[in-house]
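Peer 1: Okay, handing you the structure first.
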Amino acid sequence: MEEVLMPKLGESVTEGTIEKWLVQPGDTVEEYDPLCEVITDKVTAEVPSVFNGTIKELLVEEGDTVEVGTPICLMETEDDAESAKEEESGAEASQDPQTSDVMEEVPSSGQKDTPDVPKKGKSRISPVVMRLAEENDIDLNTIEGTGFEGRITKKDVLKTIEAGPQSAGTQPEAPASKEQEAVPAPAAQNIMAGDEIPVTGVRKAVASKMVQSSQEIPHAWLMMEVDATNLVNVRNRHKSSFKEREGFNLTFFSFFVKAVAETLKEYPMLNSSWQGDKIVINKDINISIAVAGDDKLYVPVIRNADDLSIKGIAKQVGELAALGRNHKLTQEHMAGGTFTVNNTGAFGSVQSMGIINHPQAAILQVESIVKKPVIIDDMIAVRHMVNLCLSIDHRILDGLVAGQFLKAVKERIEAYSVETTSVY
């Protein structure tokens with residue numbers, strides 16, 4: 001009998017919460033088949049089996065949080081089973097030598113045909129998913145997997161079953177467009193007054209991190225108004241040709257991330273973290289960004305953002321946002337962030353105070369760009385204005401360096417010009 005241990009799913013990860021078991025006692029699994037979904041920090045990760053064998057006992061309940069290295073289930077491996085068979089065969093042979101010969105000649109019966117195995121390079125399918133699809137006559141080729149690297153999970157099959165026979169292998173008469181399919185249904189549509197919503201999974205992990213951040217970090221805030229008129233002109237000039245040439249959108253947010261990443265090189269204290277009795281200055285500038293999928297919040301990372309062009313940042317923002325909407329972000333996508341930039345302006349917000357993404361030193365909220373009358377050279381002009389709201393860890397940073405950093409970001413944004421700014 002072998003113990004399956006809670007793996008370490010990240011450099012700083014010391015524990016994980018079992019969100020959902022994908023197997024049950026009696027299930028046969030192969031090496032690398034997913035056993036359960038585990039919540040660590042702000043990501044859901046599948047724990048793969050490290051053996052071929054049969055699940056004998058689940059040692060941890062769904063919702064339980066355990067430390068890395070804790071046994072979470074027991075498995076009877078193929079080696080265990082073969083040893084047991086050899087012992088049993090030896091015992092039977094000593095009593096009745098003809099029994100095993102007779103048994104070998106009896107063909108197996110009553111087995112159903114297995115469901116269609118996904119083609120087109122789909123990931124490995126677990127026995128649990130195969131059996132569930134077989135029992136409900138579902139063609140797995142019609143299911144889009146939401147697990148790690150597109151793996152079809154038990155949850156995907158159950159959703160297909162709940163959706164009815166049209167989703168289970170039968171193509172609808174009028175399929176929705178790709179854009180419609182990519183947009184998740186708002187979770188709020190299914191919420192009614194008086195409902196009680198259990199706090200589990202990603203929401204529970206987010207809540208825990210936010211409480212930790214608010215309790216451990218003494219937050220301080222400051223806001224600066226920035227004239228983004230030149231930025232708007234640059235983006236509008238390149239927007240159409242960029243989309244046609246590159247195939248993805250040139251967003252305002254990409255310009256802000258670029259300005260922040262370059263400024264962090266000048267003010268490395270903003271790119272640090274408090275670690276007990278010392279402040280650690282991070283070598284790399286890895287920008288965390290917030291993306292949402294239904295009722296879940298993810299914070300993936302753009303690594304070495306200071307080395308990327310605006311085009312490179314825009315590409316990563318689009319890719320990470322798409323993965324977030326489809327719940328396909330992994331622990332690797334989330335690890336290593338050193339500073340967070342949050343696009344609160346996407347919702348029309350003009351002022352907010354962000355909670356720092358522990359253990360980072362600061363978070364910058366980019367608010368909505370709004371046309372406003374401003375005074376320039378004693379004359380009233382209509383300009384595109386945006387508020388940048390900075391939350392800082394007051395153990396690491398004081399108002400002086402934070403103000404200098406924010407002013408430098410402001411100057412970079414206002415310095416964008418149609419003549420000199422390259423998005424490539």
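The values are calculated or read from the model by the stated rules, or taken from the named source; none is laboratory data. In this text the structure is predicted, and so the values were computed from the model without any measurement. Ideal geometry is used to build each Cβ from the backbone, glycine not excepted, and the neighbour counts take in all protein chains shown.
For every residue, the table says whether it meets (1) within 26 Å of S309 (Cα to Cα); (2) among the charged types (D, E, K, R).
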site: T344; (1), (2): yes, no
site: Q360; (1), (2): yes, no
site: V370; (1), (2): yes, no
site: I376; (1), (2): no, no
site: I380; (1), (2): no, no
site: L388; (1), (2): yes, no
site: D393; (1), (2): no, yes
site: V418; (1), (2): yes, no
site: S422; (1), (2): yes, no
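Peer 1: Given the options V47, V13, name the one that is modelled with pLDDT under 90 and part of a strand (DSSP E or B).
Peer 2: Working: V13 fails: part of a strand (DSSP E or B).
After ruling out the rest, the residue left standing is V47.
Peer 1: Residues that are surrounded by 20 or more Cβ atoms within 10 Å (Cβ to Cβ): find the strands (runs of 3 or more DSSP E) completely inside the range 203-289 holding 3 or more of those. Please lay out each step first, then the result.
Peer 2: Values: elements: 219-227, 272-275, 278-281, 287-289.
Where strands (runs of 3 or more DSSP E) fall fully within the range 203-289 and carry at least 3 residues being surrounded by 20 or more Cβ atoms within 10 Å (Cβ to Cβ), they are 287-289.
Peer 1: Name the helices (runs of 4 or more DSSP H) wholly inside the range 308-424 in which the number of residues that are in contact with a Lys or Arg (Cβ under 7 Å, 6 or more places away or on another chain) and surrounded by 19 or more Cβ atoms within 10 Å (Cβ to Cβ) is 2 or more.
Peer 2: So the answer is 310-325.
Peer 1: Determine if the range 266-274 includes at least one residue that is touching an Asp or Glu at 6+ places or on another chain (Cβ under 9 Å), over 17 Å from I356 (Cβ atoms) and at pLDDT 95 or above.
Peer 2: no
Peer 1: Another question, if that's okay. Within the range 50-65, count every residue that is in a strand (DSSP E or B) and under 21 Å from the mean Cα position of the chain (by Cα).
Peer 2: 1
Peer 1: Ok, one more. So which residues in the range 126-150 are modelled with pLDDT under 70 and closer than 24 Å to R325 by Cβ, if there are any at all?
Peer 2: Once the filter is applied, which keeps residues that are modelled with pLDDT under 70 and closer than 24 Å to R325 by Cβ, the range 126-150 yields G147, F148, E149, G150.
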